[in-house]
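Here's the structure we're looking at; comments come further down.
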Amino acid sequence: MNDQVLFELKGISKSFVKGKQEISIFKNLNMSINKGDFLAIMGPSGSGKTTLLNMLGGVDQPTKGDLLFGGDNISRYSESKLAQWRADHVGFIFQFYNLMPMLTAARNVELPLLLKNLNRSQRKKSIETALKLVGLEERAKHIPAELSGGQQQRVAIARAIVSDPDILLCDEPTGDLDRKTAVEILEILQLLNSEFNKTLVMVTHDPEAAKYASQTLHLDKGEFVEQELAV
Amino acid sequence: MNALLAQIAAVVVMNIRSLPQRKWMSLATLLAVAIVVAVLLAFLAMGEGFRATVGNSGSDNLAIAMRAGSQAELNSVLMRDQVNLLETAPGIRKDASGPLTSAELYVIVDGIKRSTDSEVNLPLRGISPRGIELREGVQLTDGRMFSPGTNEIIVGSGVLREFSGFDLGQKVKLGNATWNVVGVFDTGGSVFESELWADARSVQSQFNRGSSYQLMRIALSTPGDLSAIEEFIAADPRLNLDVWTEKQFYGEQAKATSDLIFYLGWPLAIAMALGALAGALNTMYTSVAQRAVEIATLRAIGFGNVSAFFGTLVEALVLAFLGGILGTIAAFMLFDGISASTLGGNFSQIVFSFEMSASAFQDGIVLALVIGFIGGFFPAWRAARLPVIVAFRSMG
Ligand SMILES: Nc1ncnc2c1ncn2[C@@H]1O[C@H](COP(=O)(O)OP(=O)(O)O)[C@@H](O)[C@H]1O
Ligand SMILES: [Mg+2]
């Protein structure tokens, strides 16, 4: 089960045009992600970690190459098909949580469920389950401004998992949190991987955070490099 | 389909709830729309009120004869022998004292307006002693009728209300002579309400008009039937006259002026609407910029760009609609039923009331929604086209 391939990147290149210059970020990148992986991606700032994660999430397109998800080439999908694909398969967790400031925790968690044909009570049940899993069922009625950073990130995790996606994509999920809170978040992510068999890809520049993953890739100058763990 | 509606509803609710973040801007837009709608409604109410006042003045029992082609009363001249001849025409109602007609003339005098204390033109009409009988709904409410051959006047209740110096018993200087106010008449809101009446012969002599008149009012023996008089006029080359029923005559006079009000009001409202539109666009572009991360986050979650589009568009429509309602209420409170006077078709003061109509309200709300739609459409388009990776760049 665990060695079943979920994602496959084949000859991915990505470049931006900045002014008259073309800046290449990746050239001919190849990798695969298996179901049940907890993959950490590390690398210096500007090495393209976020860009890679965006491409995995179907919100950014490679300049060249194929992105296979369960054998389907998602880099060929139309804008609206990609949105539907994201709703079905992907959960995003952002560095700055990206909660809707006007909505309560429960309403924020509900958002992905609005894309499914679920009735009110089905949605209510899913929201409760997700908030319970991150230990925030008592804060369901609070708006983000009334929650701490760690609590907001937990709401964001609940939102990412509420529709039971195949893969969670986390961009510096602890980048804005203190060490103790970061550990709480990382433990939740690890739990999602070990107990709920979720596939996770986590971008981080923090080696401590990367330790929670089962595998770490180092990105530098557009390539994956083997790297001894810094001592 | 349900899911799409749920998406759109969720985004709309979020946008509306985030309005307080942009409250001054949103309020300014709302007020701009309200002002545009109020101005439009004021013009429409003015046109409507004018039409109601003047258009209601006419009767089918009465006719008006003027020199052919003269259109307006002031352009017309009738000499005494023509008047005497026309009185013998068939189709005119007669009673014990003869045919029921009134040969009249009309001069402009100055009146002092109460509200502005300024001099404004007022019509002084010379009528026959039976002139009142040739106007439906007119009655003396105070004092008495003028005596033939004297410098006595009776004044319309509109004149009494809007101008100073015309109270019963007062002496007023009009032209070179002094006149005594001996009576007040009420017309139930027709054009005559803003006139002064005196004996036609007195007006002729005091204003050097010799024996000329401008028109003749005629009571018809059969309501609405002008044929006998028209035949009589056609058969006699000395009578080069046009004749209308009173209703036809005032209908045409009113139409020209109320059309003018509409044609002035709409362009002004539209010019102002363009200003409000610029404000709405600015507000909505700001809204999209402020919500960029939210919009992109929703898109990353899987929301379609349709919901981003409608969320923004509906926000603009809600603002504009509220503005439209506010403008309507303001216009209603400020203008409905207020009395005004304006230059009539023949350059005299006509007193009328603004009248708010259901169709004017509808026009106002439609104009507000058009501003909201255009003001929301382009920002909504931008919202729909926002790149999703904005969500990942937030604050970073
Ligand atoms: N939309 C864009 N246009 C131009 N350059 C971009 C764009 N997005 C990212 N880049 C550039 O690509 C490189 C990688 O960015 P990013 O993936 O955000 O790096 P990381 O997340 O590893 O810090 C950076 O040099 C960045 O400036
Ligand atoms: Mg990054």
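The values are calculated or read from the model by the stated rules, or taken from the named source; none is laboratory data. Please read these numbers as outputs of a predicted model, since none were measured by experiment. All Cβ positions, even for glycine, are placed from backbone atoms using ideal geometry, and neighbour counts span all protein chains on display.
On the basis of being within 14 Å of chain B (Cβ to nearest Cβ) and among the acidic types (Asp, Glu), does A:GLU79 make the cut?
yes
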Practice problem: Restricting attention to helices (runs of 4 or more DSSP H) lying wholly within the range B:1-90, give those where 1 or more residues are under 30 Å from B:GLU136 (Cα atoms) and among the hydroxyl-bearing types (Ser, Thr, Tyr). | Solution: B:23-55
Quiz item: Quick one: in the range B:230-289, which of the residues that are β-branched (Val, Ile, Thr) and within 30 Å of B:ILE92 (Cα to Cα) is surrounded by the most Cβ atoms within 10 Å (Cβ to Cβ)?
Solution: B:VAL243
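Yes/no matrix, rows are residues, columns are (1) within 14 Å of chain B (Cβ to nearest Cβ); (2) over 30 Å from A:THR181 (Cβ atoms); (3) away from ligand 1 (no atom under 16 Å from the Cβ); (4) free of Cβ contacts under 8 Å to residues at least 40 places away in the same chain:
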site: A:ASP37; (1), (2), (3), (4): no, no, yes, no
site: A:GLY48; (1), (2), (3), (4): yes, no, no, no
site: A:ASN54; (1), (2), (3), (4): yes, no, no, yes
site: A:SER75; (1), (2), (3), (4): no, yes, yes, yes
site: A:ILE93; (1), (2), (3), (4): yes, no, no, no
site: A:PRO101; (1), (2), (3), (4): yes, no, yes, no
site: A:ALA106; (1), (2), (3), (4): yes, no, yes, yes
Quiz item: When you scan the range A:155-181, how many residues do you find that are charged (D, E, K, R) and within 13 Å of A:GLY91 (Cα to Cα)?
Solution: 4
Quiz item: Within the range B:302-327, how many residues are surrounded by fewer than 24 Cβ atoms within 10 Å (Cβ to Cβ) and within 13 Å of chain A (Cβ to nearest Cβ)?
Solution: 4
Quiz item: Looking only at residues in the range A:108-123 that are of a type in the set (A, V, I, L, M, F, W, C) and more than 8 Å from chain B (Cβ to nearest Cβ), which one is surrounded by the fewest Cβ atoms within 10 Å (Cβ to Cβ)?
Solution: A:LEU118
Quiz prompt | For A:ASP166: the one exception among (1) crowded, with 20+ Cβ neighbours inside 10 Å; (2) of a type in the set (D, E, K, R); (3) in contact with a His (Cβ under 7 Å, 6 or more places away or on another chain) | solution = (1)
Quiz item: Has the range B:39-53 got any residue that is in the same structural domain as B:ALA384 (by TED's automatic domain parsing), free of Cβ contacts under 8 Å to residues at least 60 places away in the same chain and out of contact with any helix residue (DSSP H, G or I) (no Cβ under 8 Å at 6 or more places or on another chain)?
Solution: no
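So that you can scan it fast, the table gives a plain yes or no per residue for (1) of a type in the set (S, T, N, Q); (2) part of a loop (DSSP other than H, G, I, E, B):
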position	(1), (2)
A:LYS10	no, no
A:ILE25	no, no
A:GLY36	no, yes
A:SER45	yes, yes
Quiz item: Of all residues in the range B:364-396, which are outside any loop (DSSP other than H, G, I, E, B) and within 14 Å of chain A (Cβ to nearest Cβ)?
Solution: B:ALA384, B:ARG385, B:VAL388, B:ILE389, B:VAL390, B:ALA391, B:PHE392
Exercise. Determine whether the range A:138-151 contains at least one residue that is touching a strand residue (DSSP E or B) at 6+ places or on another chain (Cβ under 7 Å) and either within 12 Å of chain B (Cβ to nearest Cβ) or within 21 Å of B:ILE16 (Cβ to Cβ) (or both).
Key: no
Quiz item: Based on what the data block shows, is A:LEU67 more than 9 Å from ligand 1 (Cβ to nearest atom), in a strand (DSSP E or B) and in contact with a helix residue (DSSP H, G or I) (Cβ under 6 Å, 6 or more places away or on another chain)?
Solution: yes
Quiz item: From the residues in the range A:163-191 that are free of Cβ contacts under 8 Å to residues at least 60 places away in the same chain and touching a Leu at 6+ places or on another chain (Cβ under 7 Å), which one is nearest to the other protein chains (Cβ to nearest Cβ)?
Solution: A:THR174
Self-check item: Selection status of A:VAL5, more than 10 Å from ligand 1 (Cβ to nearest atom), among the β-branched types (Val, Ile, Thr) and more than 27 Å from B:GLY304 (Cβ to Cβ)
Solution: yes
Quiz item: Can we say A:SER194 is away from ligand 2 (no atom under 16 Å from the Cβ), out of contact with any helix residue (DSSP H, G or I) (no Cβ under 9 Å at 6 or more places or on another chain) and among the hydroxyl-bearing types (Ser, Thr, Tyr)?
Solution: yes
Quiz item: Do we find that A:SER126 is outside any loop (DSSP other than H, G, I, E, B), small (Gly, Ala, Ser), surrounded by fewer than 18 Cβ atoms within 10 Å (Cβ to Cβ) and more than 16 Å from ligand 1 (Cβ to nearest atom) in this structure?
Solution: no
Self-check item: Index of the failed condition, A:ASP88 passing every other in (1) surrounded by fewer than 21 Cβ atoms within 10 Å (Cβ to Cβ); (2) facing another protein chain (nearest Cβ under 9 Å); (3) in a loop (DSSP other than H, G, I, E, B)
Solution: (3)
Self-check item: Selection from the range A:1-38 of residues that are within 16 Å of ligand 2 (Cβ to nearest atom) and crowded, with 17+ Cβ neighbours inside 10 Å
Solution: A:LYS14, A:ILE25, A:PHE26
